[in-house]
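These notes concern the structure reproduced below.
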Amino acid sequence: QVRLVESGGGSVQSGGSLRLSCAASGRSISPNFMGWYRQAPGKQRELVATITSDRTVYADSVKGRFTISTNDAKNTVYLQMNSLLPEDTAVYYCHVACVDSSWYWGAGSQVTVLS
């Protein structure tokens, strides 16, 4: 069984930074896709950033401010968030899809940006 454990959320003033981490525990995984999504109150879950072996993709709203990365073992994905805005306030979820067609979601990490 694989579990994704998120950390790094919290509250920060507008303009501040946070770094989210999502670590896979349990059996080893072979991801071909890792990403971060977010869901604000009353809104649908939306893509924030994704990373594969050869490319990264960002939502227009976070380009130039957020950076997605992984560790060498490809079992942890990070989201460095700079120049945070109140509209970035949401629950952030990590998502991993593996080469064996399994996929997993984290439980979510609250990010609150104060104006």
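The values are calculated or read from the model by the stated rules, or taken from the named source; none is laboratory data. Please read these numbers as outputs of a predicted model, since none were measured by experiment. Here the Cβ is made from the backbone with ideal geometry for all residues, glycine too, and neighbour counts use every protein chain on show. The protein model used for the area step is the full one, side chains on, heavy atoms only, and it has no ligands, DNA or RNA in it. Shrake-Rupley method; radii C 1.70, N 1.55, O 1.52, S 1.80 Å.
Tabulated data
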| quantity | calculated |
| --- | --- |
| Residue list for segment 1-38, restricted to those being more than 14 Å from VAL113 (Cα to Cα), surrounded by 13 or more Cβ atoms within 10 Å (Cβ to Cβ) and charged (D, E, K, R) | GLU6 |
| Residue count, segment 58-93 (criterion: in a strand (DSSP E or B) and touching a residue at least 12 places away in the same chain (Cβ under 8 Å)) | 15 |
| Residues of segment 99-109 classified as modelled with pLDDT of 95 or more and either open to solvent by less than 90 Å² (accessible area, probe 1.4 Å) or among the small types (Gly, Ala, Ser) (or both), total | 5 |
| Qualifying residue in segment 21-42 (condition: of a type in the set (Lys, Arg) and modelled with pLDDT under 95) | yes |
| Near pairs, Cβ below 9 angstrom, 6+ apart or cross-chain, from segment 37-51 (outside any strand (DSSP E or B)) to any residue that is surrounded by 14 or more Cβ atoms within 10 Å (Cβ to Cβ) and β-branched (Val, Ile, Thr) | ALA40/THR89; ALA40/VAL91; PRO41/THR89; PRO41/VAL91; ARG45/VAL91 |
| Matching option when the condition is closer than 15 Å to SER109 by Cβ and surrounded by fewer than 21 Cβ atoms within 10 Å (Cβ to Cβ), among THR50, THR89, THR70 | THR89 |
